[in-house]
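Step one of this worksheet: look at the structure below.
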Amino acid sequence: MFGFKSSASKDTSHCLLKEVGIAEINKQHLRLASYAVEFSLIVDELSDREPTNQDWRRIDALLSKIMRYVAKHFSEEEALMREHGYPDYAAHKKLHDKFTAEMLKMQSEINNRNIKFKKKMSSLLWDWLYHHINEIDYKYREFFLGKGLS
Ligand SMILES: [Fe+2]
Ligand SMILES: [Fe+2]
């Protein structure tokens, strides 16, 4: 199971991803986390062997799926911020754009078959998402709740 840490007691169980106040966005974050886990599983699998043609096709397909979903998520999140006049919109969008550029760079290296799948890469996507959701996205929680969103 991804993203969650549960304990025997219901009261102390918690989610590793913070909830940001808007149900649809929380849902999208969980889906992004599951894609990040999928990606890290492939990277782990390939960290000690060369990818076969079939592996490359799996990676291409997964990465395209991730890129499409990241783009959809960022554009919906940004639209909400613009719509409600979120004061940190510009800085937040800059972080989204920077991440998108990094992902595109990785995708082009993968397209050129010019990348080594190292173990440390396996948490790349997850670490970024985890930090972004829990530290950056979390900041808009109170703002959107104050606007009556849920
Ligand atoms: Fe987000
Ligand atoms: Fe964000």
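The values are calculated or read from the model by the stated rules, or taken from the named source; none is laboratory data. Computed from a predicted model, the values in this text were never measured in an experiment. Note: ideal-geometry Cβ built from the backbone for every residue, glycine included; neighbour counts use all protein chains shown.
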Subject >> Output for region 116-150, where each listed residue is in contact with an Asp or Glu (Cβ under 9 Å, 6 or more places away or on another chain), modelled with pLDDT under 90 and surrounded by fewer than 17 Cβ atoms within 10 Å (Cβ to Cβ) >> reply: 119
Original post:
Inside region 55-75, can you point out the residues that are among the basic types (Lys, Arg) and more than 16 Å from ligand 2 (Cβ to nearest atom)?
Top reply: 57, 58, 65, 68
Original post:
List the pairs whose first member sits in region 126-140 and is within 13 Å of residue 70 (Cβ to Cβ), whose second member is more than 8 Å from ligand 1 (Cβ to nearest atom) and not in a helix (DSSP H, G or I), and whose Cβ atoms are under 7 Å apart, counting only residues at least 6 apart or on separate chains?
Top reply: 133/17; 133/18
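Take residue 80 and tell me if it is at negative phi and within 17 Å of the chain's Cα centre (by Cα). Walk me through it before giving the result.
Values: at negative phi: yes; within 17 Å of the chain's Cα centre (by Cα): no.
No; evaluated as a whole, the condition is false for this residue.
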Subject >> Scan of region 37-88 for residues that are in contact (Cβ under 8 Å) with a residue 60 or more places away in the chain and over 17 Å from residue 115 (Cβ atoms), ordered by number >> reply: 37, 77, 80, 84
Original post:
Mind checking which residues of region 19-54 are among the small types (Gly, Ala, Ser) and either under 12 Å from the mean Cα position of the chain (by Cα) or more than 14 Å from ligand 2 (Cβ to nearest atom) (or both)?
Top reply: 23, 33, 34, 36, 40, 47
Subject >> Scope region 40-52; condition surrounded by fewer than 13 Cβ atoms within 10 Å (Cβ to Cβ) and part of a helix (DSSP H, G or I); matching residues >> reply: 41
